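Participant: Got a structure for you, written out below as structure tokens; questions coming shortly.
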Amino acid sequence: NYKVFNLGQIDQLVDKYAITEFSTENLYVNGLISQTDPVKILGSGELKSKLIFKVNAASEKAKMAIGAAGGTLEIIG
């Protein structure tokens, strides 16, 4: 029951909400998820932003794209 975000959506969210760290906390503060929602990043689309990700799960394609964009990924419990 993950809240899923595709890479293609993330740049738009970064611009709209001025997010520098894509984390469950920031998503909750901006009203994009509920406090208990786990978040998963999927690899559909293109990621242009260099971001820090702190999420519950990510697909292999998303992990590679985050690294290629210069970002970091931390899988949280």
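The values are calculated or read from the model by the stated rules, or taken from the named source; none is laboratory data. None of these values were measured; they are calculated from a predicted model. Positions of Cβ are generated from backbone atoms using ideal geometry, with glycine treated the same way; all protein chains shown enter the neighbour counts. Heavy atoms of the whole protein, side chains included, go into the accessibility calculation; ligands, DNA and RNA do not. Shrake-Rupley method; radii C 1.70, N 1.55, O 1.52, S 1.80 Å.
Participant: Hey, could you pull the Cα Rg and Dmax for the stretch 11-77, both in Å?
Facilitator: 11.1, 30
Participant: Something else now. With a Förster radius of 30 Å, plug the Cβ-Cβ distance of ILE75 and ASP15 into 1/(1 + (r/R0)^6) and report the FRET value to the nearest 0.05. Working shown, then result.
Facilitator: Details: r = 25 Å, r/R0 = 0.84.
Given R0 = 30 Å and the Cβ-Cβ separation, E is 0.75.
Participant: For TYR2 and ALA57 in the same chain, what is the full-extension length gain: residue separation times 0.36 nm, less their Cα-Cα distance, in nm?
Facilitator: Working: separation 55, 0.36 × 55 = 19.80 nm, distance 0.86 nm.
Using 0.36 nm per residue and subtracting the Cα-Cα distance, I get 18.9 nm.
Participant: Can you give the accessible area of LYS3, probe radius 1.4 Å, in Å² rounded to 10?
Facilitator: 90
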